[in-house]
Amino acid sequence: MSHKRVAILISGGGSNMVSLVRSMTSDHPARPCLVLSNTAEAGGLAKAEAAGIRTAVVDHKPYGKDRAAFEAELIQPILEAGADIVCLAGFMRVLTDGFVSQFQGRMLNIHPSLLPKYTGLNTHERALAEGDIHHGCTVHEVTAVLDDGPVLGQAQVNVATDDTPESLAAKVLVEEHKLYPAVLRRYAMGDKTPIFLP
Ligand code: GAR
C-alpha cells in the first residue's frame, strides 16, 4: 500500500501537529511528509525535527499585505514534498481563494469552536460571553470562505461555571488531539463521513 503524504501547516506550539504525527504509524493510510510554518518562532518546528520530519519556514512578514506573493512561496515546499493532503493545525494565516483552490478537497483545518458558531479568533472568550453550556472543536474541509466548508468532525466539551478562556482552551485542546487524528485517518481512506465525539 502506498501511503498518502501529509503536509502539516503550523504557526505555534504544534500540539495538534504532534498528535497527527503520532497517529500516522503502522496500518494508518498516511504518513507526514512536511511540517511547514509561517514563522521561525513556532515551537512545533523543533518537535517535528525531533520526530525526524522535514520542516520548512516561509515567513509571511516580508510580504506585508501581499498574500498571493506569500502563498507563491508557501506552496513550494508543499509541492516539493509531494503532499497529497494538507492539514492546517493552528496555522494562523488566512489563505486566498487561489491557494485554497489548488488543494480543493484535500485540505483540512481544525478550529476551536463548534462551527458554524464563532468563526475567526477568540472563540473561547466568545463562548463564555454567550453563556454557552457546550463548546468544542471542529475539523472541516477548507474552502474559500474562512472557517467554512464541509464539517468532517466535531467534539464537544461541557462549559463549567468557573471556566476561564484558558481552562476552556485546555479542555478543548484535549478533544482536538482525539478528533483530528480520527478524522485524518478516515479522510486518508477517502471517507468523508463526519465523526462526532463523544
Ligand atoms: C488550536 O486550538 C487550534 O484549534 C487553533 O489554534 C490552536 C493551535 O494549537 N486554531 C485556530 O485558532 C485556527 N484559526 P497547537 O499549535 O498546539 O496545535
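The values are calculated or read from the model by the stated rules, or taken from the named source; none is laboratory data. Predicted model only: the values in this text are computed from it and were never measured. With ideal geometry, Cβ positions are generated from the backbone for all residues, glycine too; neighbour counts draw on all protein chains shown. Only protein heavy atoms, including side chains, enter the accessible area calculation; ligands, DNA and RNA are left aside. Shrake-Rupley method; radii C 1.70, N 1.55, O 1.52, S 1.80 Å.
Where the accessible area of the range 1-107 is counted over protein heavy atoms with a 1.4 Å probe, how much of it, in %, is carbon and sulfur? Carbon with sulfur: 51 percent of the solvent-accessible area.
Taking the convex hull of the alpha carbon positions in the range 35-145 and averaging its projected area over all directions gives 8.0 nm². Dipole orientation for the chain: of the candidates G98, G52, L128, G52 has the Cα lying most toward the positive pole (charges on Cβ; Lys, Arg +1; Asp, Glu -1).
Classification of the range 10-51 by its C-alpha gyration tensor yields a prolate form. The axis ratio a/c (a ≥ b ≥ c) is 1.5 or more, and a/b outweighs b/c.
Where the accessible area of the range 138-186 is counted over protein heavy atoms with a 1.4 Å probe, how much of it, in %, is carbon and sulfur? Kindly include the intermediate steps, with their values, before the conclusion.
Details: 1240 of 2160 Å².
The computed percentage sits at 58.
The mean accessible area for residues of the range 1-81, using a 1.4 Å probe and ignoring ligands and nucleic acids, is 48 Å² per residue. Which percent of the Cα-Cα distances in the chain go past 21 Å? Cα-Cα pairs in the chain separated by more than 21 Å: 50 percent.
Modelled spin-label separation between A169 and V145, with each label point placed 7 Å from Cα along the Cα-to-Cβ direction: 2.8 nm.
Accessible area per residue for the range 88-129 is 46 Å², calculated with a 1.4 Å probe on protein heavy atoms, without ligands, DNA or RNA. With viscosity set to 0.890 mPa s at 25 °C, what whole-number translational diffusion coefficient in µm²/s follows for the range 122-175 from Stokes-Einstein and a Kirkwood radius over Cα pairs? Rounded to a whole number, D works out at 207 µm²/s.
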